[in-house]
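All remarks here apply to the structure that follows.
The values are calculated or read from the model by the stated rules, or taken from the named source; none is laboratory data. Keep in mind the model is a prediction, meaning the values are calculated, not measured. Cβ coordinates were reconstructed from backbone atoms using ideal geometry, including for glycine residues, and neighbour counts include every protein chain displayed. Just so you know, the surface numbers come from the protein's heavy atoms only, side chains and all, with ligands and any DNA or RNA stripped out. Shrake-Rupley method; radii C 1.70, N 1.55, O 1.52, S 1.80 Å.
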Amino acid sequence: MAKKKRIVIALGGNALGNTLPEQMQAVKITARAIVDLIEEGCEVIVAHGNGPQVGMINNAMIALTHEDEQQPNTPLSVCVAMSQAYIGYDLQNALREELLNRNITDIPVATMITQVRVDAEDPAFETPSKPIGRFLTKEQADEMAAKYDYIMKEDAGRGYRRVVASPKPQEIVEIGTIRNMVDAGDLVIACGGGGIPVVRQGNHLKGASAVIDKDFASCLLAKELDADFLIILTAVEKVAINFGKPEEKWLDNITVDAAKQYMEEGHFAPGSMLPKVQAAVDFAESKPGRQALITLLEKAKDGINGTTGTRISLK
């Protein structure tokens, strides 16, 4: 019997919706695409973003402090943990239901609340740049900065938002347990929202006020699990160079070297396609035979079969 392809799939925010009702509907569509891959003979591990969800939770926790002055402010790391649990709850139930609908009864589904260690000396902590939460007026932003020591920045003329660091992931704390579950045949959801950011202080793990990029965390997860494929799902079917220009070109199969050249030439937008391509390159060059794929959720199966998407490999 041929060895199953091991795939880490990184779900973007569009696969999860922006509200509770949207999420419950979105995960059903997401589950179908993931179970399609399982039916193709793949062993799948799921990671996901949490952009809208962690912002919503953070806003709710701030509102609580306004209602009850005895309530302390909730650390961002705790908000990430909350988002992992509630996204995992909807996603694992949708996956379980889809598996049973297809008479697949031997694959348990579980969410692992995952901590990801970052370096306390990461330069990202000196220049926070990741916006979270809702837009505020200048007066509201000044109040938040004074009350909670938040760093607030004006965002594209739409108001002020809190910005936090986005350090690189160094270690997945629960990787041993995740690996055991995957090796046992479980369908595991892990590293939600890039993981709960923590720094090590002796034997203690302290939550960090940061958001880890889910594509970089998914890349680390894929390397640690010795995956064959890293699939990064996004809002377009393929990656383009000269995007939006007359000479726009969609990319099919490219080498790591070609991808690096395109990055140096500035073809990919920071905070959008650039981190996806960076993570894809990191994974593809980490070991011969590993490949990364960037495509739409509904095209994931076609991408694995080589008919669409942008595939990045060492050669």
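For Cα pairs less than 8 Å apart in space and 6+ apart in sequence, what is the mean separation divided by the residue count of the chain, i.e. the relative contact order in percent?
20 percent
What's the local net charge at VAL256, with K and R +1, D and E -1, over the other residues with C-beta under 14 Å away? Walk me through the numbers before you get to the answer.
Details: positive: LYS260, LYS287, ARG290, ARG311, LYS315; negative: ASP257, GLU264, ASP282, GLU285.
Neighbourhood net charge equals +1.
Go through LYS130/LYS301; LYS214/LYS276; LYS4/LYS168; LYS245/LYS301; LYS223/LYS299 and tell me which ones have a Cα-Cα distance over 21 Å in this structure.
In this structure, LYS130/LYS301; LYS4/LYS168; LYS245/LYS301; LYS223/LYS299 exceed 21 Å between Cα atoms.
Please report the carbon-and-sulfur percent of the accessible area for the chain; probe 1.4 Å, protein heavy atoms only, DNA, RNA and ligands left out.
Carbon with sulfur: 49 percent of the solvent-accessible area.
Which whole-Hz couplings ³J(HN,Hα) result when phi for each residue of segment 21-30 is put into the Karplus expression 6.51 cos²θ - 1.76 cosθ + 1.60, θ = phi - 60°, listed in order with x for Gly and Pro?
Once rounded to whole Hz, the list reads x, 4, 5, 4, 6, 5, 5, 5, 5, 4.
Using the Karplus curve 6.51 cos²θ - 1.76 cosθ + 1.60 with θ = phi - 60°, work out ³J(HN,Hα) for each residue of segment 94-102 in order, rounded to whole Hz, and write x for Gly and Pro.
Once rounded to whole Hz, the list reads 5, 5, 4, 5, 5, 4, 5, 4, 9.
Could you tell me the center-to-center distance, by alpha carbons, between segment 128-196 and segment 252-315 in angstrom?
24 Å
Give me the orientation-averaged projected area of the Cα convex hull of the chain, in nm², one decimal.
18.0 nm²
Tally Lys/Arg at +1 and Asp/Glu at -1 over every other residue whose Cβ is under 10 Å from the Cβ of MET152; what's the total?
Here the count lands on 0.
Residue by residue through segment 103-112, which ³J(HN,Hα) values in whole Hz follow from phi under the Karplus form 6.51 cos²θ - 1.76 cosθ + 1.60 (θ = phi - 60°), with glycine and proline marked x?
6, 9, 10, 10, 10, x, 10, 8, 9, 9
Return, ordered by residue number, the residues of segment 32-62 whose backbone nitrogen is under 18 Å from a label point located 7 Å along Cα→Cβ of GLU143.
Hits in segment 32-62 for GLU143 at 18 Å: 58-62.
Can you give the Kirkwood hydrodynamic radius of segment 67-113 from its Cα pairs, in Å with one decimal?
Computed over Cα pairs of segment 67-113, the Kirkwood hydrodynamic radius comes out at 12.9 Å.
Would you mind working out the accessible area per residue for segment 25-183, using a 1.4 Å probe, and quoting it in Å²? Don't jump to the answer; show the numbers that get you there.
Values: 8000 Å² over 159 residues.
Accessible area per residue, segment 25-183: 50 Å².
With a Cα-only, solvent-free Debye model of segment 99-252, what are the log10 I(q)/I(0) values at q = 0.08, 0.10, 0.19 Å⁻¹?
-0.35, -0.54, -1.16
Using the heavy atoms of the protein chains alone and a 1.4 angstrom probe, what is the accessible area of segment 220-267 per residue in square angstrom?
52 Å²
May I ask you to give the average projected area over all directions of the convex hull of the Cα atoms of segment 48-87, in nm² rounded to one decimal?
Projected area, direction-averaged: 2.6 nm².
So how long is each side of segment 194-300 along the principal axes, counting just the alpha-carbon atoms, biggest first, in Å?
Principal extents (largest minus smallest coordinate, Cα): 54, 30, 29 Å.
Find the eigenvalues of the gyration tensor of the Cα atoms of segment 17-130, then list the square roots of 5 times those eigenvalues as equivalent ellipsoid semi-axes, largest first, in whole angstrom.
32, 18, 12
Roughly what % antiparallel, to the nearest 5, for the DSSP beta bridges in the chain? It would help to have the intermediate numbers written out before the result.
Values: 20 of 48 bridges.
Close to 40 percent.
Determine, from the Cβ-Cβ distance of ALA156 and ALA184 and an R0 of 45 Å, the FRET efficiency 1/(1 + (r/R0)^6), rounded to the nearest 0.05.
The pair ALA156/ALA184 has a calculated efficiency of 0.45.
Choose one answer from LYS223, LYS147, LYS245: the residue with the largest mean-square fluctuation in a GNM of the chain with alpha-carbon springs under 10 Å.
Among LYS223, LYS147, LYS245, the largest mean-square fluctuation in the Gaussian network model of the chain belongs to LYS245.
Quick one: net charge around THR137, please, counting Lys, Arg +1 and Asp, Glu -1 for every other residue with C-beta under 12 Å from its C-beta.
Details: positive: ARG134, LYS138, ARG158, ARG161; negative: GLU139, ASP142, GLU143, GLU154.
With Lys, Arg at +1 and Asp, Glu at -1, the neighbours total 0.
From largest accessible area down, sort ILE175, ILE29, ILE9; use a 1.4 Å probe on the protein chains.
ILE29, ILE175, ILE9
Which of these, LEU225, LEU100, LEU16, has the largest mean-square fluctuation under a Gaussian network model of the chain (Cα springs below 10 Å)?
LEU100
Simple spin-label model, 7 Å along Cα-to-Cβ: PHE135 to GLU265 in nm?
My value for the distance between the label points is 3.5 nm.
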